[in-house]
């Protein structure tokens with residue numbers, strides 16, 4: 001099922017839902033996961049279903065909320081390092097898989113506070129794109145300290161709050177802060193697979 005103007009995003013199976021989907025994923029507002037959940041809700045689910053998106057600080061909390069039935073579906077990226085807790089779980093069911101390109105990723109800085117190339121810089125990043133900080137064609141600093149962020153949106157917030165000098169984040173997260181921050185270099189979009197899980201009915 002092709003679902004975008006570019007034809008690059010597609011679902012592997014069509015969900016069959018009769019209730020109002022309460023879809024959980026990683027927050028806060030601006031994460032790639034939120035954008036994927038919105039895409040799934042608006043493009044893949046049947047148009048007549050009234051769905052809602054619920055954002056959580058961690059995917060572990062997403063899973064807990066699924067099992068406690070606070071939500072009835074969740075969207076998880078295949079880049080999540082602990083995705084096995086969803087797949088290898090007798091209480092979950094793989095409901096759907098779809099393809100979705102993330103918003104543009106890049107190395108961001110606060111305007112007026114661009115570090116010098118001989119500075120020791122602190123870079124906030126989520127674990128998934130962490131390795132991009134090691135690519136000197138993209139991040140031309142030799143002295144780097146990585147500051148862990150639980151999401152791309154939090155990485156952007158850490159930059160604005162002055163908790164780091166640079167951040168690996170996405171355009172959706174940056175848009176929350178207007179003209180105060182911008183990309184120094186761009187990594188482009190990331191073409192990724194996403195899994196949708198529901199709670200398994202045990203017999």
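All of the numbers you see were taken from the coordinates with simple rules; none came from a lab. All values derive from a computational prediction rather than experimental measurement. We place every Cβ from the backbone using ideal geometry, glycine too, and count neighbours over all the protein chains shown.
Structural remarks
- Global form of the chain, assessed from the alpha-carbon gyration tensor, a/c cut-off 1.5: prolate
- Value of relative contact order over segment 71-174, rounded to a whole percent, pairs C-alpha under 8 Å and six or more apart: 32 percent
- Cα shape, segment 105-188, gyration tensor, a/c 1.5 rule: rounded
- Bridge orientation summary for the chain: considering DSSP beta bridges with both residues in this region, about 60 percent are antiparallel.
- Percentage relative contact order, the chain, counting C-alpha pairs under 8 Å, at least six apart: 29 percent
- Sorted by Cβ neighbour density within 10 Å, fewest at the top, the residues 158, 192: 192, 158
- Computed [θ] at 222 nm, deg cm²/dmol, the chain (DSSP H ≥ 4; -39,500 (n - 2.57); rounded to nearest 500): -4500 deg cm²/dmol
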